[in-house]
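Notes follow the structure.
The values are calculated or read from the model by the stated rules, or taken from the named source; none is laboratory data. The structure presented is a predicted model; accordingly, all values stated were derived computationally and were not measured. As a convention, Cβ positions derive from the backbone with ideal geometry for all residues, glycine included, and neighbour counts pool all protein chains shown. Just the protein is used for accessible areas: all its heavy atoms, side chains included, with ligands, DNA and RNA removed. Shrake-Rupley method; radii C 1.70, N 1.55, O 1.52, S 1.80 Å.
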Amino acid sequence: MLFQFVTLIILVSGLFPIYMIGIGSGSMQPELNKGDAIIVHKINDNTDVEKGMIIVYRKEGKTIVHRVTEVYECEADYGECYHTKGDYNNAEDNVEVTRSDISGIVKGKIPIIAYPAVYISELLE
C-alpha cells in the first residue's frame, strides 16, 4: 500500500519526466473518459510529435488533452505547429498549437481513478 501511495504522489507532483492528470471532459471518448487518470511523458527538444498522438497542451490558461490531426510549419517562425481534435468532437480545435504549448504525450491511462478529483474540481468552479 505504501508503494502505491508513494508512486501516486510522484506521478501527481509533476516534478519528474512522467506525471499524471485527470480527464475532466468526454471530448476524447471512447479512448479517454471523464474521470480517467492519464500518464503523461514530458516532451523535450528531441521528442517527435506526430499525427495520431494524444498530447497535453495549455492554451488560454486551460489544459487540453486532444489528438494531433496535422503537423505543419508555423507561419510565424515557431517551428512546427499542430492541429488537434478531441476524438468525440465534430470539429478540430480552433487554436494553433505550437511546440511551446505542449507539455507532454499521453502514454497510458488508469480508468476512473481520477473521478473524485474531477468531481471536487467541478464543485469548486
Residue, farthest from residue 62 (Cα to Cα), within segment 90-110, restricted to residues that are open to solvent by less than 90 Å² (accessible area, probe 1.4 Å) and more than 15 Å from the chain's Cα centre (by Cα): 91
Enumeration of residues in segment 40-59 that are hydrophobic (A, V, I, L, M, F, W, C) and either assigned to a strand (DSSP E or B) or without any contact (Cβ under 8 Å) to a residue 40 or more places away in the chain (or both): 40, 54, 55, 56
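Tally the residues that are part of a strand (DSSP E or B), surrounded by 14 or more Cβ atoms within 10 Å (Cβ to Cβ) and in contact (Cβ under 8 Å) with a residue 40 or more places away in the chain, restricting the search to segment 60-89. Explain how you work it out, then say what you get.
Just the residues of segment 60-89 that are part of a strand (DSSP E or B), to begin with: 62-73, 80-85.
Now restrict to residues that are surrounded by 14 or more Cβ atoms within 10 Å (Cβ to Cβ): 64-68, 71, 80-85.
Going one step further and asking which of them are in contact (Cβ under 8 Å) with a residue 40 or more places away in the chain, we end up with 65.
Here the count works out to 1.
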Only listed residue being at pLDDT 95 or above, in contact with a strand residue (DSSP E or B) (Cβ under 7 Å, 6 or more places away or on another chain) and farther than 15 Å from residue 36 by Cα, chosen from 64, 105, 54: 105
The lone exception for residue 125 - which of (1) more than 18 Å from residue 24 (Cβ to Cβ); (2) open to solvent by 60 Å² or more (accessible area, probe 1.4 Å) it fails: (1)
Residues located in segment 76-86, provided they are modelled with pLDDT of 95 or more and over 17 Å from residue 63 (Cβ atoms): 83
Tally of residues being surrounded by 14 or more Cβ atoms within 10 Å (Cβ to Cβ) and touching a strand residue (DSSP E or B) at 6+ places or on another chain (Cβ under 8 Å) across segment 13-46: 19
Segment 65-88, residues that are β-branched (Val, Ile, Thr) and either more than 16 Å from the chain's Cα centre (by Cα) or over 10 Å from residue 102 (Cβ atoms) (or both): 65, 69, 71
